[in-house]
Amino acid sequence: MKKHIIDRGGNRVLTLYSVDTKSYQEFDGLPPVSSTDAHMRWHPLRQEWIGHASARQGRTFLPNQADCPLCVMSNNEQPTDIPVDDYEVAIFTNRFSALSPYASAPPSLEIDTKAGIGRCDVISYSADHDANLASLSIERISLLIQAIGDKVSENYEQEDIVWSLPFENRGREIGVTLDHPHGQIYSLSVLPNAIKIQADAMAKSNPLSGLYDSISEELLLDKAETAISYVPRWARYPFETWVMPKRTVDGPQDLRADEILDLAQMIKAAAMRLDKIYDAPMPYTLAWQVAPKGYEGKFHFHLCFQPLKRGRNKQKFLASVEQISGFFLVDLQPERAAAILRSEEAGDE
Ligand SMILES: [Zn+2]
């Protein structure tokens, strides 16, 4: 993997990743946006931090392709966030960062507050505005895995970052504001409760480490030498799909070349299966679950696709019970979801 780093000014960095060495024609690009009011407030009952960032209200909302900030540039008249003539994978500082390593002092209130220290990166999967995980080549997804691993390692070098979450929101149904294929990385200076519970559970008795050998056939979607993909018995979303290496590793930064290749194939296959159920792009959230700092060697890196459709025209909404309590109600059994994903059964209309 080759890297080309461009300092974009205003505390912004653009890293261009390519398989082979590549030369770039550079342009000026979009100017920085100030977001120094980022801070966190303590929720005394939930016992967790809430992020505040008013600069995000002004962010780009569903622009036409001609104004897409993730497309390449060919002249200075149409500036973008990736101001080069071509690229393979790009990761850059979000102009509308909810968190920043340079966050100013938090406001003084009658509840606890904290500076909004962290990082928000945007990952563009391709220069092709119309691509997606299902259409990208295995080679490109392999590069994406390496690029994300590289950025997570880099973010973890920053002392006050305790956890990075690479993720993708796909589909307008869940509020995506850009159609260009992309994900993001949130790197936080606090560890959210849900993630701490998950990491503690893994450290105590890792339920994923033996799954490669023990997984039931009825849940299995793909199995290769170094990786599996499956619907977990404990799925909370319809057609929830997990992809993970056989080996317990902290994140994509620790994968060998053969593991990257197997995972890339399974990520593509998972996205294709989800799109096939209703012959339409499946809206989903995709989480790259990497080890928080302090849990190295005790965490099993995995990817979770959480699809948001339970029928051709039926969307899964997180309503009162899920939102208030975190108690999920599932109306599609994981065993049946796996059979539908393997195309043994048709999905419900
Ligand atoms: Zn675009």
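The values are calculated or read from the model by the stated rules, or taken from the named source; none is laboratory data. Since we're looking at a predicted model, the values are computed, not measured. In this analysis, Cβ positions are derived from the backbone assuming ideal geometry, glycine residues included, and neighbour counts consider all displayed protein chains. Note: areas computed on protein heavy atoms with side chains; ligands, DNA, RNA excluded. Shrake-Rupley method; radii C 1.70, N 1.55, O 1.52, S 1.80 Å.
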| query | Got a number for residues in segment 131-175 being within 16 Å of the ligand (Cβ to nearest atom) and free of Cβ contacts under 8 Å to residues at least 12 places away in the same chain? | reply | 1
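Condition check ((1) more than 16 Å from the ligand (Cβ to nearest atom); (2) of a type outside the set (K, R); (3) crowded, with 18+ Cβ neighbours inside 10 Å) across all residues:
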{"position": "H39", "(1), (2), (3)": "yes, yes, yes"}
{"position": "S74", "(1), (2), (3)": "no, yes, no"}
{"position": "Q78", "(1), (2), (3)": "no, yes, no"}
{"position": "V84", "(1), (2), (3)": "no, yes, yes"}
{"position": "R95", "(1), (2), (3)": "no, no, yes"}
{"position": "Y102", "(1), (2), (3)": "yes, yes, no"}
{"position": "K114", "(1), (2), (3)": "yes, no, no"}
{"position": "I123", "(1), (2), (3)": "no, yes, yes"}
| message | Return the residues of segment 250-274 that are of a type in the set (D, E, K, R) and closer than 16 Å to V231 by Cβ; say none if nothing qualifies. | response | R273
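In segment 203-215, which residue that is open to solvent by 40 Å² or more (accessible area, probe 1.4 Å) and either in a loop (DSSP other than H, G, I, E, B) or outside the structural domain of L303 (by TED's automatic domain parsing) (or both) is nearest to G326 (Cα to Cα)? I'd like the intermediate steps shown before the answer.
Here is the first cut: in segment 203-215, the residues open to solvent by 40 Å² or more (accessible area, probe 1.4 Å) are 203-205, 207, 209, 213-214.
In the following step, the residues that additionally are either in a loop (DSSP other than H, G, I, E, B) or outside the structural domain of L303 (by TED's automatic domain parsing) (or both) were identified as 205, 207, 209.
Numbers: S205: 23, P207: 21, S209: 25 Å.
The residue in question is P207.
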| message | Looking for something open to solvent by less than 20 Å² (accessible area, probe 1.4 Å), among the small types (G, A, S) and either modelled with pLDDT of 95 or more or over 30 Å from Q47 (Cβ atoms) (or both) - is there at least one such residue anywhere in segment 179-197? | response | yes
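Those residues that are touching a Cys at 6+ places or on another chain (Cβ under 6 Å) and among the small types (G, A, S), I need them from segment 69-123; list them, please. Can you show your working first?
From segment 69-123, those touching a Cys at 6+ places or on another chain (Cβ under 6 Å) are 80, 94, 97-99; that's our starting set.
S97, A98 - these are the residues of segment 69-123 that are touching a Cys at 6+ places or on another chain (Cβ under 6 Å) and among the small types (G, A, S).
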